[in-house]
1. Please compute the length gained on full extension between residue 69 and residue 119, using 0.36 nm multiplied by the number of residues separating them and subtracting their Cα-Cα distance.
2. Rounded, prolate or oblate: which fits the range 6-140 when a ≥ b ≥ c are the square roots of the eigenvalues of the alpha-carbon gyration tensor, with rounded for a/c under 1.5 and prolate only if a/b beats b/c?
3. Post the alpha-carbon centroid distance, the range 175-201 to the range 41-111, in whole angstrom.
4. So for the pair residue 49, residue 190, with labels modelled 7 Å out along Cα→Cβ, what separation do we get in nm?
5. Remind me, relative contact order of the range 42-85 in percent, using alpha carbon pairs under 8 angstrom and six or more residues apart?
6. Using a 10 Å cut-off on Cβ atoms, rank the peptides 183-194, 167-178 from the highest mean neighbour count down.
7. Per 0.36 nm of contour for each residue apart, how much would the distance between residue 183 and residue 3 grow if the chain were fully extended, relative to their Cα-Cα spacing?
8. Output the relative contact order of the range 22-101, whole-number percent, from Cα pairs under 8 angstrom with separation of 6+ residues.
């Protein structure tokens with residue numbers, strides 16, 4: 001079982017909100033609040049912050065009342081700005097590039113952006129929540145693909161080889177070195193070499209410690 005994570009769920013569908021709550025609590029996590037709109041989410045997090053009781057992660061739908069357009073993701077961006085230590089995982093029916101980039105960029109704390117249609121594996125979803133809560137990333141491959149189409153043109157990434165670009169793309173999805181090796185059908189050692197080269201080419205020194213992986217992903221998607 002994963003370490004217990006404190007979660008706030010923001011989802012206007014009561015059925016889906018209760019379903020997500022059940023999934024997480026069945027895995028031993030603690031859903032400390034559930035709200036149905038962006039205003040309620042901002043208010044709940046504000047109250048918790050005032051009591052020094054911030055959750056580990058917020059799981060929020062992109063589309064929420066009153067207009068059901070982008071209230072949820074705008075609230076997520078605001079929460080990351082106001083509470084840098086708060087993990088945020090956004091669930092969406094589509095990729096909103098502008099907000100996805102804003103959500104990801106400028107903060108090395110945990111962030112996730114998953115498409116609802118792909119959240120079919122309960123274990124993977126719960127693992128993504130825990131990973132974001134711990135400061136990692138959980139990005140849908142389609143999100144990575146769309147943002148990659150733009151970020152590939154940036155000079156900062158021009159030095160990467162095609163294989164290093166593949167590895168960094170899989171890192172952005174939140175995969176470990178072993179998972180990347182299985183995906184690319186190469187050895188763990190080969191992946192470690194590619195990762196080291198990526199860090200070097202992006203100017204990330206060993207002094208950046210464990211955050212180098214997240215910083216590399218942020219450079220990749222937010223540059």
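All of the numbers you see were taken from the coordinates with simple rules; none came from a lab. As the structure is a prediction and not an experimental result, all values here were calculated from the model. Ideal geometry is used to build each Cβ from the backbone, glycine not excepted, and the neighbour counts take in all protein chains shown.
1. 16.0 nm
2. Working: a/c = 1.11, a/b = 1.03, b/c = 1.08.
Judged from the Cα gyration tensor, the range 6-140 comes out rounded (a/c under 1.5).
3. 30
4. 4.6
5. Once divided by the residue count of the range 42-85, the mean separation gives 25 percent.
6. Answer by packing, highest mean first, reads 167-178, 183-194.
7. 62.1 nm
8. The value is 26 percent.
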